[in-house]
1. What do you reckon, is GLU355 farther than 27 Å from ILE186 by Cα and of a type in the set (Asp, Glu)?
2. Which members of region 293-310 meet the condition of being in contact with a Ser or Thr (Cβ under 8 Å, 6 or more places away or on another chain) and not aliphatic (A, V, I, L, M)?
3. For ALA330, only one of the following conditions fails: (1) within 13 Å of the ligand (Cβ to nearest atom); (2) more than 30 Å from TYR195 (Cβ to Cβ); (3) within 20 Å of the chain's Cα centre (by Cα). What is its number?
4. If you go through region 150-161 one residue at a time, do you hit one that is touching a residue at least 40 places away in the same chain (Cβ under 8 Å), acidic (Asp, Glu) and surrounded by 18 or more Cβ atoms within 10 Å (Cβ to Cβ)?
5. Restricting region 113-131 to residues that are under 27 Å from VAL304 (Cα atoms) and among the acidic types (Asp, Glu), which is nearest to the ligand (Cβ to nearest atom)?
6. Looking at region 143-160, which of its residues are within 12 Å of the ligand (Cβ to nearest atom) and of a type in the set (A, V, I, L, M)?
7. From the list GLU419, GLU363, which residue is free of Cβ contacts under 8 Å to residues at least 24 places away in the same chain and within 29 Å of MET191 (Cα to Cα)?
8. In region 366-402, which residues are on the phi > 0 side of the Ramachandran plot and touching a residue at least 40 places away in the same chain (Cβ under 8 Å)?
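Read-outs throughout are calculated quantities, based only on the coordinates presented, and are distinct from any laboratory measurement. Note that the structure is a prediction, hence the values are computed from the model and not measured. Virtual Cβ from ideal backbone geometry, glycine too; neighbours counted across all protein chains shown.
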Amino acid sequence: ERGDVHAGVLVLGSGPGGYAAAFRAADLGLDVVMVERHATLGGVCLNVGCIPSKALLHIAKVIAEAQSAASHGVTFGAPQVDLDALRAWKEGVVARLTRGVAGMAKGREVQVVQGEARFTGPHTLEVAGPDGTTTTISFDHAIVAAGSRSVQLPGIPHEDPRVMDSTGALELAEIPGRLLVVGGGIIGLEMATVYDALGSEVTVVELADGLIPGADRDLVKPLARRIGKRYAAIHLGTSVESVEARDDGLHATFSGDVPDAVFDRVLVAVGRIPNGAGLGLDAAGVTVDERGFVPVDAQRRTNVAHILAIGDVAEGPMLAHKATAEGHVAAEVIAGHASAFDPRGVPSVAYTDPEVAWVGLTETEAAERDVAYETSVFPWSASGRALAVDGSTGLTKLLRDPETGRVLGAGIVGPNAGELIAEPGFALEMGADVADLALTIHAHPTLSETLMLSAELADGTITDLP
Ligand code: FAD
């Protein structure tokens with residue numbers, strides 16, 4: 001059966017997974033059709049995720065640095081925020097990137113079809129366009145990159161405009177006086193960082209007994225300390241029982257003995273669910289699990305060999321760079337290359353203040369999986385550069401194999417941790433041991449030196465700290 005359009009490779013979704021797969025497949029000489037329901041390409045990451053959040057976090061950082069300069073003898077006035085101009089700048093950053101993706105698709109002759117896609121068989125798909133027309137597409141191979149969406153909570157009036165998900169929070173409709181952030185994970189805390197800097201009084205409530213569940217506790221501590229002092233309250237091990245929308249505000253009740261409180265806005269950031277259900281994948285014979293994930297093998301093949309899945313809709317951490325790496329693998333597998341996805345080197349970063357980043361093995365995971373490891377931790381209070389940039393609460397931690405000294409993982413907290421984590425990521429990919437890091441001459445004075453110093457602590461080159 002041949003559709004209105006035939007694709008060698010059909011890519012469903014144009015996020016960092018989908019466009020990376022589409023472009024790699026086109027570069028490998030395959031003929032590619034990419035379907036996206038939105039008018040702009042780039043998925044969650046470019047439009048309502050990574051990029052707009054980082055633009056706003058940049059401004060938050062400028063404000064926070066100006067504030068801390070006050071204790072070093074330089075005082076700026078309170079920030080005057082023109083929300084319309086800030087929003088327009090953020091949207092300009094996004095638009096440049098999404099236009100760039102569209103240009104790259106055009107340059108590669110990747111055909112983009114706009115509309116809601118649904119599988120109708122193992123080699124066919126239907127796309128309902130925004131103008132009401134239906135396009136049928138037949139394909140030899142398909143890559144499902146449909147992404148994920150925010151979870152909603154029962155008992156919360158999500159229809160009230162003052163109740164936001166991350167997309168709503170990024171819209172920056174106003175700077176609320178009192179903001180409740182439900183969920184102390186990466187997305188919730190990044191948005192908390194933005195609104196705190198812009199002047200909101202922030203309360204965070206998190207069900208787990210610590211912030212950023214998944215990160216080692218020693219890495220989270222400097223962040224928890226800083227925001228513990230700045231925010232109105234951080235309630236751990238607590239759930240929101242109800243939120244009632246009244247004219248005078250959003251009235252929230254909590255579990256335990258946390259007192260009721262009223263907020264001007266509520267951000268719900270309690271996780272994301274994969275978009276695997278609702279794509280008609282059953283018609284193609286593709287298994288979707290009960291959570292909405294599409295199970296895949298190391299080549300990112302589903303149980304139907306010519307249909308692959310990548311990104312947030314496939315299992316694993318919901319991160320843009322993970323989606324992109326899988327997109328490359330999927331395209332190469334379809335082109336007949338011996339590619340496979342190895343999740344070991346996927347870094348995680350919370351772009352909070354301070355940033356928290358980790359890659360490879362964490363101590364939490366090592367304990368769960370009973371993996372033998374040794375750590376070396378370099379405290380940034382012993383780094384001249386860290387002291388000079390208000391980063392003395394930071395830490396650089398290396399995990400190594402006790403037998404071979406091989407780098408197994410790393411965790412960093414402090415300014416620029418998200419950039420610094422690339423080096424141990426590289427060490428991990430190269431199979432380097434701590435001596436390789438210790439012997440690499442790092443520029444002085446830099447924060448990256450803390451990796452060398454942590455490695456020197458590990459191999460005994462240094463035994464004491466100032
Ligand atoms: P997506 O980017 O979700 O793209 C999927 C696309 O498929 C969407 O455009 C969607 O419209 C389309 N689609 C779905 N179903 C259909 C259908 N039936 N028909 C047609 N089109 C369809 N990750 C990081 O690594 N770093 C960050 O700093 C970061 N910050 C984030 C901040 C926020 C606020 C959020 C929400 C997420 C953030 N993420 C970050 C996560 C990141 O955005 C995702 O991991 C990434 O976008 C996943 O890429 P993807 O290609 O799998 O899917």
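1. Values: farther than 27 Å from ILE186 by Cα: no; of a type in the set (Asp, Glu): yes.
So GLU355 does not fit the description; no.
2. Step one: filter region 293-310 for residues in contact with a Ser or Thr (Cβ under 8 Å, 6 or more places away or on another chain), giving 294-296, 299, 302-303, 308-309.
Correct list: PRO295, GLN299, THR302, ASN303.
3. Unmet condition: (3).
4. As a first pass, look at region 150-161 and keep what is touching a residue at least 40 places away in the same chain (Cβ under 8 Å): 150-153, 155-158, 160.
Now restrict to residues that are acidic (Asp, Glu): 160.
After this cut, where a residue has to be surrounded by 18 or more Cβ atoms within 10 Å (Cβ to Cβ) as well, the list is none.
Taking every residue of region 150-161 in turn, none turns out to be touching a residue at least 40 places away in the same chain (Cβ under 8 Å), acidic (Asp, Glu) and surrounded by 18 or more Cβ atoms within 10 Å (Cβ to Cβ).
5. Within region 113-131, the subset under 27 Å from VAL304 (Cα atoms) is 113-129.
Still in the running and among the acidic types (Asp, Glu): 116, 126.
On the way: GLU116: 5, GLU126: 10 Å.
The extreme case among them is GLU116.
6. So the first thing to find is which residues in region 143-160 are within 12 Å of the ligand (Cβ to nearest atom), and the list is 143-151.
Scanning region 143-160 gives ILE143, VAL144, ALA145, ALA146, VAL151.
7. Numbers: GLU363 fails: free of Cβ contacts under 8 Å to residues at least 24 places away in the same chain.
Matching residue, one of GLU419, GLU363: GLU419.
8. Pass one, region 366-402, residues on the phi > 0 side of the Ramachandran plot: 370, 390.
Across region 366-402, the qualifying residue is only ASP390.
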